[in-house]
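The values are calculated or read from the model by the stated rules, or taken from the named source; none is laboratory data. Nothing here was measured: the structure is a model prediction, and the numbers come from that model. Virtual Cβ from ideal backbone geometry, glycine too; neighbours counted across all protein chains shown.
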Amino acid sequence: MAEPVLELSDLVKSFGALRATDHVSLDLKPGEIHALIGPNGAGKSTLIHQICGTLRQDSGTIRLAGKDIGHLGVAERSRLGLGRTFQVSSLAPDFSALRNVMLAVQAQQGSSFRFFKPVMRDASLIDRSMAMLERVGLQDRARIPAAELSHGERRQLEIAIALALNSKAFLLDEPMAGMGPEGSKALTGFLHSLRQEAPILLVEHDMDAVFALADRISVLVYGRVIATGTVEEIRRDPAVRTAYLGDHA
Ligand SMILES: Nc1ncnc2c1ncn2[C@@H]1O[C@H](COP(=O)(O)OP(=O)(O)OP(=O)(O)O)[C@@H](O)[C@H]1O
């Protein structure tokens, strides 16, 4: 059995009397899409925040490629290969798609000597950033300001940035939100191939996308994982049908 890329063990997070994360353990294996689903308020965002480091767990551990990252800050987790996209767009709207990728790479490298080298003249950085735009199919949009890209293109750009940062695991928080049917279909196809670059923890309300993409699904209800399994196992699970899926199953 392959070692998990991301592993959450017994995570707990409370807000006052409310236990938003209640002893959650789950993992992400190489090459897989693991979807996290559950009703509103189940604790999906709270869990994602703890993985990224914007919220600190009360107890439990978070490992990325075997390393305990649960005590590290957001930037350090990103540097170690946690690629998070979508919930808060980090794009610079006035800058071109290409420049957005370049700035992200440069920021991650964080080396002050680069300050003296104008970013748009750094040929190796341009090449690497263009390669990432090609990988997500945005090469023809490289010079377009991020603000002028379509909703779907901005998501592709965020993934290009996550790729450029050598992510070991992707956390995608509701990537289908706000996409029309065509956009969702295109993004579903793209995510299908993205798992080969790095496994994906996918938080998504769009059940068509989840059922089409997920290798495994975990169902979160009131902060607890009530089931983890394949699409078929989750569709058949009586507790999941009662708590969440209902007609979707
Ligand atoms: N900062 C906070 N302070 C207090 N309570 C919080 C805080 N953040 C979240 N909660 C509560 O924790 C619970 C889980 O919320 P969370 O946003 O993680 O759920 P979710 O599954 O992401 O919901 P949705 O699908 O609507 O985004 C909810 O009851 C919410 O009200």
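Brief remarks follow.
- The residues listed here are 212, 239; of these, the one that is over 25 Å from residue 46 (Cβ atoms), in the same structural domain as residue 44 (by TED's automatic domain parsing) and assigned to a helix (DSSP H, G or I) is 212.
- Considered as a group, the residues in the range 121-156 that are in contact with a Ser or Thr (Cβ under 8 Å, 6 or more places away or on another chain) and of a type in the set (Lys, Arg) include one that is surrounded by the most Cβ atoms within 10 Å (Cβ to Cβ), and that residue is 155.
- Against the conditions (1) in the same structural domain as residue 36 (by TED's automatic domain parsing); (2) among the acidic types (Asp, Glu); (3) over 24 Å from residue 65 (Cα atoms), residue 134 satisfies every one except (1).
- Residue within the range 109-123 that is modelled with pLDDT of 85 or more and part of a helix (DSSP H, G or I) present: no
- Considering the range 24-45, the residues that are over 17 Å from the mean Cα position of the chain (by Cα) and crowded, with 19+ Cβ neighbours inside 10 Å include one that is nearest to residue 239 (Cα to Cα), namely 42.
- For the range 169-185, the candidate set comprises residues that are of a type in the set (Gly, Ala, Ser) and more than 8 Å from the chain's Cα centre (by Cα); within that set, the residue that is nearest to the ligand (Cβ to nearest atom) is 177.
- Evaluated against (1) within 17 Å of the chain's Cα centre (by Cα); (2) at pLDDT 95 or above; (3) within 15 Å of residue 63 (Cα to Cα), residue 48 falls short on exactly one condition, (2).
- Count of residues meeting criterion [assigned to a strand (DSSP E or B), closer than 18 Å to residue 202 by Cα, within 10 Å of the ligand (Cβ to nearest atom) and aliphatic (A, V, I, L, M)] in the range 1-49: 2
- Screening residue 232 with (1) touching a residue at least 40 places away in the same chain (Cβ under 8 Å); (2) assigned to a helix (DSSP H, G or I) gives one miss only, at (1).
- Qualifying residue in the range 139-161 (condition: under 19 Å from the mean Cα position of the chain (by Cα) and part of a loop (DSSP other than H, G, I, E, B)): no
- Residue satisfying all of: in the range 55-100; within 14 Å of the chain's Cα centre (by Cα), of a type in the set (A, V, I, L, M) and in a strand (DSSP E or B); surrounded by the fewest Cβ atoms within 10 Å (Cβ to Cβ) among these: 64
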